[in-house]
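The values are calculated or read from the model by the stated rules, or taken from the named source; none is laboratory data. Predicted, not measured: the structure shown is a model, and the values here were computed from it. FYI the Cβ positions are ideal-geometry reconstructions off the backbone, even for glycines, and counts take in every protein chain you see.
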C-alpha cells in the first residue's frame, strides 16, 4: 500500500515499482515499514525519471525556401519536433505534431505559405517527453 500511495500521489500510469527490503536486525514496526517502503518507492521513481508518451502525427511539409525561416520559427515556438529535413529544389520537412493540434498546424502552414506548401499526413508516432519532479509531483512546465 505505501508504494501504491506514492504512485497515486505522483499521478503515474503504466508503471511498476518493486521495493525489496532485507532484514538487517532492526525492527521498524508498522509505521517505520510504511515510511521505509514509501520513501524507497519515491526515491526509485525520482532516480529512474518520469516520461510522457505523446501521440503525434507525422506531417510532411514541402515548401519553398522563402517560407523556411517563418515556418521553422513557428515550429520551434510551438514545441513541435522536426524529425527530418531535406534540402533540394524545395525544402521537405517531416514534423511531429500532437494529434489534437494537427488541424491548427496544417491551417497555419497553408495560410503562411499562401497555399503554396504541400502538407500531407504520413503516419503516427509516439514522442517521449521527459518530465521533471518537484517534491514528488510532476512539473509540466
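Scanning the range 9-56 for residues that are surrounded by 10 or more Cβ atoms within 10 Å (Cβ to Cβ), free of Cβ contacts under 8 Å to residues at least 24 places away in the same chain and under 28 Å from residue 99 (Cα atoms) gives a single hit, 48. Residues that are out of contact with any strand residue (DSSP E or B) (no Cβ under 8 Å at 6 or more places or on another chain) and closer than 19 Å to residue 110 by Cβ within the range 77-87 comprise 77, 78, listed in sequence order.
Quick check: is even one residue across the range 131-139 modelled with pLDDT under 90, in contact with a helix residue (DSSP H, G or I) (Cβ under 7 Å, 6 or more places away or on another chain) and assigned to a strand (DSSP E or B)? Scanning the range 131-139 turns up at least one residue that is modelled with pLDDT under 90, in contact with a helix residue (DSSP H, G or I) (Cβ under 7 Å, 6 or more places away or on another chain) and assigned to a strand (DSSP E or B).
Within the range 66-74, not a single residue is touching a helix residue (DSSP H, G or I) at 6+ places or on another chain (Cβ under 8 Å), assigned to a loop (DSSP other than H, G, I, E, B) and in the same structural domain as residue 128 (by TED's automatic domain parsing).
Based on this model, can you work out whether residue 6 counts as without any contact (Cβ under 8 Å) to a residue 40 or more places away in the chain and either assigned to a loop (DSSP other than H, G, I, E, B) or under 19 Å from residue 133 (Cα atoms) (or both)? No.
In the range 52-65, the qualifying residues are those that are under 13 Å from residue 118 (Cβ atoms) and part of a strand (DSSP E or B), and the one that is farthest from the chain's Cα centre (by Cα) is 63. None of 25, 79, 49 is modelled with pLDDT under 90 and farther than 28 Å from residue 130 by Cα except 25.
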